[in-house]
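Enquirer: Could you have a look at this structure, given as structure tokens, before my questions?
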Amino acid sequence: MDKIIVEGGRPLKGEVKIAGSKNAALPILISSLLTAGMNVYTNVPDLKDIQSIKLLLSTLGAGIETDGGTVRINAGGLCIHEAPYDLVRKMRASILVLGPLLARLKKARVSLPGGCSIGARPINLHLKGLSRMGASIELKHGYVEATTDGLKGSEIYLDIPTVTGTENLMMAATLAEGVTKIRNAACEPEVVALADALNQMGARIQGVGGTTIAIEGVSSLHPVSLRIIPDRIEAGTFMVAAALTRGDVKILNCEPDHLEAAIHKLRLTGLGVKIKGNSVRVQGQNSIASVDIKTLPYPGFPTDMQAQFMVLMSVADGLSMISETIFENRFIHVSELKRMGADIIVSGNTAMVKGVPNLSGAPVMATDLRASASLILAGLVAHGQTTVSRVYHLDRGYEMMEKKFAQLGAAIKRVDP
Ligand code: EPU
């Protein structure tokens with residue numbers, strides 16, 4: 001298993017290009033199941049999760065061609081309605097095939113994703129919404145078995161504004177009979193990107209980006225050609241890296257509007273953040289002021305940036321309170337950061353981080369994607385060498401992360417022991 005070795009202490013300088021968004025690409029590639037014909041997607045990131053979803057789609061009968069960042073998918077041959085355990089367990093987002101399979105084939109058998117290291121992550125709201133649209137759902141032998149005579153538009157209230165739940169229901173509703181209203185819907189840019197893709201395919205979706213989404217069902221959708229939006233979490237991760245190493249980095253090909261909460265907090269730390277079109281220049285300062293954060297659904301501070309921000313607070317001046325309100329177990333990086341000298345106390349869903357002058361390099365490992373990214377960030381600023389194991393988590397969601405850091409001047413390499 002690969003490891004990443006970082007020699008800390010070098011300020012990052014230069015320009016970095018942000019890849020397409022993982023969490024936008026996953027549902028959009030899956031939305032190809034809703035139509036026969038060739039869909040063409042560009043700016044698709046080269047990630048393990050994207051490979052997993054392509055494997056799942058081809059298992060279902062879709063034809064897939066990949067040429068660099070361009071992926072062509074033709075689901076004209078969609079014939080299988082089962083997403084098996086071995087594929088779903090590798091990537092929870094596989095549950096997103098449930099809505100499209102029901103809409104197109106009127107039946108679906110999808111393995112229950114189960115919990116993951118950051119929380120229990122139930123899918124009850126996906127299932128409740130689909131039942132309200134007329135699906136019969138049973139849980140058998142670890143699988144969701146769903147059938148329908150035809151989905152019907154319905155009023156759905158989500159107890160929590162779940163991102164993939166909103167996406168699953170929105171996709172199912174595009175081909176349902178009548179109007180579906182999803183209330184307390186997720187407002188994340190990735191939900192908006194999916195709705196834009198569906199509307200370009202001929203769907204009638206309104207209100208997306210707000211908390212009530214109305215979807216008027218249509219009888220069929222047509223294929224689409226589109227570009228995946230930039231990955232806001234990758235961009236935010238590089239912003240934190242520039243701040244941490246007191247560097248000067250221009251982050252290109254990003255969407256600053258999607259990063260408002262993170263940019264706001266970074267500016268409060270005293271960091272220079274300059275926005276120009278689709279680029280953000282981050283100029284680190286010697287002293288980093290402590291600020292508190294609380295993760296919230298968009299447009300609040302993203303949970304996917306919490307671990308990275310905690311590293312920044314670990315070397316800030318003073319005390320920071322970090323509250324995680326989205327996932328119940330998203331402090332798994334804390335014990336590893338403490339091994340690197342961070343002063344952090346966790347009580348319930350709040351971490352109290354007292355900035356220390358320096359972190360020290362150490363062998364570390366993490367069991368989730370963003371936690372792994374945070375350990376690389378910690379390694380970039382720590383004194384001495386940090387070895388991050390289990391980097392397959394990182395490869396699920398960051399394209400060539402160590403190469404991009406190396407181009408910015410970091411002493412970082414991947415080794416295959
Ligand atoms: N929840 C329920 N019931 C449901 C669905 C969700 O109780 O039916 C709860 C979850 O347990 C959690 C909260 O609602 O406590 C929010 O979860 P949500 O469903 O919004 O998360 P998700 O859709 O499973 C997506 C991203 C995550 C990101 C979260 C929050 C994708 C593929 N994944 O997950 O991304 O953290 O939204 O923004 O879009 C990552 O990229 O590292 C990642 C984990």
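Enquirer: Among the residues of the stretch 117-134, how many are within 13 Å of Asn168 (Cα to Cα) and within 6 Å of the ligand (Cβ to nearest atom)?
Expert: 4
Enquirer: Kindly provide the set of residues from the stretch 326-349 that are at negative phi and either in contact with an Asp or Glu (Cβ under 6 Å, 6 or more places away or on another chain) or within 16 Å of the ligand (Cβ to nearest atom) (or both), ordered by number.
Expert: Ile326, Phe327, Glu328, Asn329, Arg330, Phe331, Ile332, His333, Asn349
Enquirer: Quick one: is Ser32 within 23 Å of Lys107 (Cα to Cα), in contact with a Lys or Arg (Cβ under 8 Å, 6 or more places away or on another chain) and among the hydroxyl-bearing types (Ser, Thr, Tyr)? So that I can check it myself, show each step before the final result.
Expert: Values: within 23 Å of Lys107 (Cα to Cα): yes; in contact with a Lys or Arg (Cβ under 8 Å, 6 or more places away or on another chain): no; among the hydroxyl-bearing types (Ser, Thr, Tyr): yes.
No: the conditions fail for Ser32.
Enquirer: Here's something else I'd like to know. Does Gly9 meet the test of being among the small types (Gly, Ala, Ser), outside any helix (DSSP H, G or I) and assigned by TED's automatic domain parsing to the domain that holds Gln283?
Expert: Considered against the rule, which asks whether it is among the small types (Gly, Ala, Ser), outside any helix (DSSP H, G or I) and assigned by TED's automatic domain parsing to the domain that holds Gln283, Gly9 comes out as yes.
Enquirer: Another question, then. Can Ile213 be described as assigned to a strand (DSSP E or B), within 16 Å of the ligand (Cβ to nearest atom) and either touching a Lys or Arg at 6+ places or on another chain (Cβ under 8 Å) or not aromatic (Phe, Trp, Tyr) (or both)?
Expert: It is true that Ile213 is assigned to a strand (DSSP E or B), within 16 Å of the ligand (Cβ to nearest atom) and either touching a Lys or Arg at 6+ places or on another chain (Cβ under 8 Å) or not aromatic (Phe, Trp, Tyr) (or both).
Enquirer: Under 7 Å between Cβ atoms, which residue pairs at least 6 apart in sequence (or on different chains) link something in the stretch 192-221 that is assigned by TED's automatic domain parsing to the domain that holds Pro100 and basic (Lys, Arg) with a partner that is part of a loop (DSSP other than H, G, I, E, B) and modelled with pLDDT of 95 or more?
Expert: Arg204/Val218
Enquirer: Name, by its number, the condition in (1) buried (at least 17 other Cβ atoms within 10 Å of the Cβ); (2) of a type in the set (A, V, I, L, M, F, W, C); (3) outside the structural domain of Val280 (by TED's automatic domain parsing) that does not hold for Leu55.
Expert: Only one criterion is unmet by Leu55, namely (1).
Enquirer: Looking at the structure I just gave you, is Leu105 modelled with pLDDT under 95, aliphatic (A, V, I, L, M) and more than 10 Å from the ligand (Cβ to nearest atom)?
Expert: No; evaluated as a whole, the condition is false for this residue.
Enquirer: How about the stretch 378-389: which of its residues are in contact with a strand residue (DSSP E or B) (Cβ under 9 Å, 6 or more places away or on another chain) and crowded, with 19+ Cβ neighbours inside 10 Å?
Expert: If the condition is that a residue be in contact with a strand residue (DSSP E or B) (Cβ under 9 Å, 6 or more places away or on another chain) and crowded, with 19+ Cβ neighbours inside 10 Å, then Ala378, Gly379, Leu380, Ala382, Thr386, Val388 are the ones that fit.
Enquirer: Could I ask something else about it? Filter the stretch 180-197 for residues that are within 14 Å of the ligand (Cβ to nearest atom) and in a strand (DSSP E or B) and give the result.
Expert: Correct list: Ile182 only.
Enquirer: When the residues of the stretch 354-377 are narrowed to those that are β-branched (Val, Ile, Thr) and surrounded by 16 or more Cβ atoms within 10 Å (Cβ to Cβ), which ends up nearest to the ligand (Cβ to nearest atom)?
Expert: So, considering only residues that are β-branched (Val, Ile, Thr) and surrounded by 16 or more Cβ atoms within 10 Å (Cβ to Cβ), the one nearest to the ligand (Cβ to nearest atom) is Ile376.
Enquirer: Also, I was wondering about something else. When residues of the stretch 139-179 are filtered for being farther than 18 Å from Gln206 by Cβ and part of a loop (DSSP other than H, G, I, E, B), how many remain?
Expert: 9
Enquirer: Please count how many residues of the stretch 346-398 are within 21 Å of Ile118 (Cβ to Cβ) and in a loop (DSSP other than H, G, I, E, B).
Expert: Counting residues in the stretch 346-398 that are within 21 Å of Ile118 (Cβ to Cβ) and in a loop (DSSP other than H, G, I, E, B) gives 8.
Enquirer: Taking the stated definitions as given, is Gly341 in a loop (DSSP other than H, G, I, E, B) and in contact (Cβ under 8 Å) with a residue 60 or more places away in the chain?
Expert: Details: in a loop (DSSP other than H, G, I, E, B): yes; in contact (Cβ under 8 Å) with a residue 60 or more places away in the chain: no.
No: the conditions fail for Gly341.
Enquirer: Working only within the stretch 117-138, note down all residues that are in a strand (DSSP E or B) and surrounded by fewer than 16 Cβ atoms within 10 Å (Cβ to Cβ).
Expert: Once the filter is applied, which keeps residues that are in a strand (DSSP E or B) and surrounded by fewer than 16 Cβ atoms within 10 Å (Cβ to Cβ), the stretch 117-138 yields Gly119, Ser136, Glu138.
Enquirer: Residue under question is Arg72, and the condition is that it be among the basic types (Lys, Arg), under 29 Å from Glu138 (Cα atoms), surrounded by fewer than 24 Cβ atoms within 10 Å (Cβ to Cβ) and in contact with a strand residue (DSSP E or B) (Cβ under 8 Å, 6 or more places away or on another chain); does it hold?
Expert: No, not satisfied.
The values are calculated or read from the model by the stated rules, or taken from the named source; none is laboratory data. On a predicted model such as this, the values are computed, not experimentally measured, just so you know. Heads up, the Cβs are rebuilt from the backbone with ideal geometry, glycines too, and the neighbour counts pull from every protein chain shown.
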